[in-house]
């Protein structure tokens, strides 16, 4: 991988927020590139990290005095560590509404933290930076989602299609998107992932939840890695971990707050009573999930079911990241009804609805879009299109111009 810094597609959105909003917060998991992006974007800003014990202690003991001593424009890194400062920030912004005064970063989802979320609601612009997308790694604009939603993807046959190499795709999936392990060999990258989780559990988890024994959280993460892309069953997890159900819920909430996992809620229409209202659980980063599930690219052929779910996580990672700079109002869901008809991803903007199926096959077929047909029938005029992502080389329609089969490689090719 090229050693020069990779451009982040979210940069334009961050610049726009700083241009018209007094306080902007850039959220995302640790080590995904938030500080690098913030300091590159605002090189003349002051900088304070609350990983520094002295800065943390000063801000906690005298929030108003600490804030008064800061320069006019400042980056405050790891803001979730000092909730005591938020009231002072709010008062300062209320007094002085000049845009771009404070650029905050946080490695916990502040809106899921009651003390912080309530203080920040409606007070600032919030953007989320995820690990590097495959498009960013390839130094591409990340325009796939915009092109599809805008109707710009058209059937096209590759002039000289190369046979799909499943191990190349598998390697991309297990690599994930954290910048540091992408510079390492696969074995060293897996060591980085394990050290990353260990550091979070030792250092950060107490900022977001009351956890008696972080080892229970580690065990939960290992089980969730084996279930990424599957329906979430708290009772089963509780039994396997020998923990109370409410304890598992608390631990899962901590994992969400730390941007380790996310719940993908089920899509449904109010008039429909047939849908199973159970969320799926996905890791935020497919590389981290692969390491904790002990999957390598070479396992592609022997553990296809497991890789199928991991591939779903990878695609969700790409599309949800692209939504951040394409259309932040897009929402992501999954679909599964009582007839066991499923769709991997459902995307909505208001009532407009799109569906995405993900298949590792290089030869897509009509049978692969049964779920998309069901979704189209449920949505009626609100259905905007269906996408079948596959491992082949051609972009083609499947019996109906609303259903498009597109190579997965397009995610990082445009």
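Give me the residue from the range 369-392 that is in contact with a helix residue (DSSP H, G or I) (Cβ under 8 Å, 6 or more places away or on another chain) and surrounded by fewer than 20 Cβ atoms within 10 Å (Cβ to Cβ) and, out of that set, farthest from residue 147 (Cα to Cα).
So the residue we want is 383.
Any chance you could count how many residues in the range 296-307 are more than 20 Å from residue 177 (Cα to Cα) and buried (at least 21 other Cβ atoms within 10 Å of the Cβ)? Working first, answer last.
Taking the range 296-307 as the starting set, the residues that turn out to be more than 20 Å from residue 177 (Cα to Cα) are 301-305.
Of the ones still in play, those that are also buried (at least 21 other Cβ atoms within 10 Å of the Cβ) are none.
Qualifying residue count for the region: 0.
Of the residues 393, 360, which is in contact (Cβ under 8 Å) with a residue 24 or more places away in the chain and within 17 Å of residue 304 (Cβ to Cβ)?
360
Taking the condition of being closer than 19 Å to residue 168 by Cβ and modelled with pLDDT of 95 or more, how many residues in the range 298-335 meet it? Give the derivation first.
Initially, the range 298-335 is screened for residues closer than 19 Å to residue 168 by Cβ, giving 298-304, 306-308, 310-315, 317-318.
Subsequent filtering for residues that are modelled with pLDDT of 95 or more retains 310-315, 317-318.
Residues meeting the conditions: 8.
Checking the condition modelled with pLDDT of 95 or more, assigned to a helix (DSSP H, G or I) and in contact with a helix residue (DSSP H, G or I) (Cβ under 9 Å, 6 or more places away or on another chain), which residue from 223, 201 passes?
Only one candidate qualifies: 223.
Could you tell me which residue of the range 93-113 is farthest from residue 47 (Cα to Cα), considering only residues that are touching a strand residue (DSSP E or B) at 6+ places or on another chain (Cβ under 8 Å) and surrounded by fewer than 18 Cβ atoms within 10 Å (Cβ to Cβ)?
Among those that are touching a strand residue (DSSP E or B) at 6+ places or on another chain (Cβ under 8 Å) and surrounded by fewer than 18 Cβ atoms within 10 Å (Cβ to Cβ), it is 111.
Can you report the number of residues in the range 329-352 which are touching a strand residue (DSSP E or B) at 6+ places or on another chain (Cβ under 8 Å) and either under 29 Å from residue 8 (Cβ atoms) or part of a loop (DSSP other than H, G, I, E, B) (or both)?
Final tally of qualifying residues: 15.
Residue 108 passes all but one of (1) modelled with pLDDT of 95 or more; (2) assigned to a loop (DSSP other than H, G, I, E, B); (3) closer than 30 Å to residue 249 by Cβ; which number fails?
(1)
Out of curiosity, is residue 346 closer than 14 Å to residue 333 by Cα, touching a residue at least 40 places away in the same chain (Cβ under 8 Å) and buried (at least 17 other Cβ atoms within 10 Å of the Cβ)? I'd like the intermediate steps shown before the answer.
Numbers: closer than 14 Å to residue 333 by Cα: yes; touching a residue at least 40 places away in the same chain (Cβ under 8 Å): yes; buried (at least 17 other Cβ atoms within 10 Å of the Cβ): yes.
So residue 346 passes the test.
Do we find that residue 310 is touching a strand residue (DSSP E or B) at 6+ places or on another chain (Cβ under 7 Å), touching a residue at least 24 places away in the same chain (Cβ under 8 Å), buried (at least 18 other Cβ atoms within 10 Å of the Cβ) and under 30 Å from residue 136 (Cα atoms) in this structure? If you could, list the steps in order and put the result at the bottom.
Values: touching a strand residue (DSSP E or B) at 6+ places or on another chain (Cβ under 7 Å): no; touching a residue at least 24 places away in the same chain (Cβ under 8 Å): yes; buried (at least 18 other Cβ atoms within 10 Å of the Cβ): yes; under 30 Å from residue 136 (Cα atoms): yes.
Taking the combined requirement at face value, the residue does not satisfy it.
Can you tell me which condition residue 54 does not meet? The list is (1) under 22 Å from residue 208 (Cβ atoms); (2) part of a helix (DSSP H, G or I), and all the others hold.
(1)
Across the range 57-68, what is the number of residues that are without any contact (Cβ under 8 Å) to a residue 24 or more places away in the chain and either part of a helix (DSSP H, G or I) or on the phi > 0 side of the Ramachandran plot (or both)? Reasoning before the result, please.
Looking only at the range 57-68, we keep the residues that are without any contact (Cβ under 8 Å) to a residue 24 or more places away in the chain, and these are 57-58, 61-62, 65-66, 68.
Checking the rest, the ones that are also either part of a helix (DSSP H, G or I) or on the phi > 0 side of the Ramachandran plot (or both) come to 57-58, 61, 65-66, 68.
Residues meeting the conditions: 6.
The values are calculated or read from the model by the stated rules, or taken from the named source; none is laboratory data. Because the structure is predicted, anything quoted here is derived from the model rather than measured. Heads up, the Cβs are rebuilt from the backbone with ideal geometry, glycines too, and the neighbour counts pull from every protein chain shown.
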